[in-house]
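In what follows, a structure is listed as structure tokens, so that the remarks can point back to it.
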Amino acid sequence: MTMPTSMDQIIAAVRRLDGVLVLEPRPGDGTPEIAWGDAFFYYAPDGQVPTTVQPYGTVVTKNYPEDDGCDLDRPDRWRVNVHVGRDRARELVGAIERTDGVVTDVLLPHPLYGSQGWVCVVNPGERTGEAVLDLLREAHDAARRRYGRRRVPG
């Protein structure tokens, strides 16, 4: 696969994963306006939006309330967020608590959810594009395993 250079290429790569559900909220679909233009990635082989889990990855195109440290309201800025788990996040980005989210193409802890095992990249490119895809595949596989454990009668 060639290195992703755009938000659309990353979303297309995630769409090729088995059992994935990619939500891309748009005007008129009943979703909150704040989510329009963003993408949310779930493992959902039945095609139904899970009601008991969060997405394992997202692409956001704007600042959200209390999440403006990456300056996503500037033109041509967007961010990929991936849940990798606390241990993997520590392995990837160390013990960084707060970072300058204005930098691009650098793997960082998520500005709000880094302590919960989320990492992010603003405008992934040459340095981080392949890593972002690898992390999304890992997160997808982890979500699939969790899904399987929830389906096993206990």
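Taking the stretch 1-92, which GluC sites (Glu not before Pro) meet the DSSP loop condition and have no more than 14 other C-beta atoms within 10 Å? Sparse-neighbourhood loop GluC sites (Glu not before Pro): GLU66. Ordering THR128, VAL59, TYR43 by Cα displacement along the dipole of the stretch 1-146 toward the positive end leaves TYR43 in first place; charges were set at the Cβ atoms of Lys, Arg (+1) and Asp, Glu (-1). Estimated purely from DSSP H runs of n ≥ 4, each contributing -39500 (n - 2.57), the mean residue ellipticity at 222 nm for the chain is -8500 deg cm²/dmol once divided by its residues. Counting 0.36 nm for each residue step from ARG149 to GLU24 and taking away their Cα separation leaves a gain of 42.3 nm.
Remark: the stretch 7-151 carries a charge dipole of roughly 720 debye about the Cα centre, counting +1 on each Lys and Arg Cβ and -1 on each Asp and Glu Cβ. Size check on the stretch 71-147: the Cα extents along the three principal axes, sorted descending, read 37, 23, 21 Å. At the listed q of 0.09, 0.12, 0.13, 0.17 Å⁻¹, the Debye profile of the chain, built from one uniform point per Cα, gives log10 I(q)/I(0) equal to -0.27, -0.49, -0.58, -1.00.
The three principal axes of the C-alpha atoms in the stretch 6-53 carry coordinate ranges of 30, 28, 16 Å, sorted with the longest axis first.
Any read-out appearing in this document is the output of simple, stated calculations on the displayed coordinates, not a laboratory observation. The model shown is predicted, which means the values in this text are computed figures rather than measured ones. Reconstructed Cβ throughout: ideal geometry from the backbone, glycine too, with neighbour counts over all protein chains shown.
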